[in-house]
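Enquirer: Can you read through this structure? Questions will come right after.
Just so you know, all these numbers are worked out from the coordinates, no wet-lab data involved. Being a predicted model, the structure only gives us computed values, none of them experimental.
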Amino acid sequence: MYSLPSARRKKRKVSNLNLIPILDVVFVLIFFLLFSVQLLKIFEIGTDLPVFKLVKEQKKEDKKKFELKIYVDNQNIRFVNSINRRTIDKISVDWENEDFYKELNEKIVKIKTENPEEERVVLTPRNNVEYQNLVKFMDQIRSNKSDPESKEKLFEQIIFEK
């Protein structure tokens, strides 16, 4: 018998999808994405956590006459005795001026010499104070910059407060 050619089924050749060019493009895109990402430097400021004390120790500390609290913003810095809430001193802020840092150091050294037993400071910065300025300020609080040879620490513990 005779069969018609249209009745025959033609075998179709199945073509495989070539993934190699697609993978090449994906790897090149990943490479450019990784190099275009801005990597952030994260800095860390070491601070002391609040200390929990027993009731007996708190009674001894209640007799304290001085506790330094410093309020920092972009206009001025106020030094306050938080026990009696009296302002000890105040200084106008000029972060770019070197004389400002000398005056600041003098005031901190003066406060420390009047209260040598005090080792900690409660620091209350405002949101508008820049990070770099706050770090410079903390360096001034920790060590005596007027006498570079001195290994004496002024206020070693800095506690942040909202």
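Enquirer: So how much slack lies between N74 and V93, counting 0.36 nm per residue of separation and subtracting their Cα-Cα distance, in nm?
Expert: Details: separation 19, 0.36 × 19 = 6.84 nm, distance 0.62 nm.
Length gained between N74 and V93: 6.2 nm.
Enquirer: Can you work out the Karplus-derived ³J(HN,Hα) for every residue in region 67-74? Use 6.51 cos²θ - 1.76 cosθ + 1.60 with θ = phi - 60°, whole Hz, and x for glycine or proline.
Expert: 8, 7, 10, 10, 9, 10, 9, 7
Enquirer: Amide H to amide H, which residues 5 or more places from L123 or on other chains are under 5 Å from it, using H placed in the peptide plane?
Expert: Counting only residues 5 or more places away or on other chains, the set is I70, I159, F160, E161.
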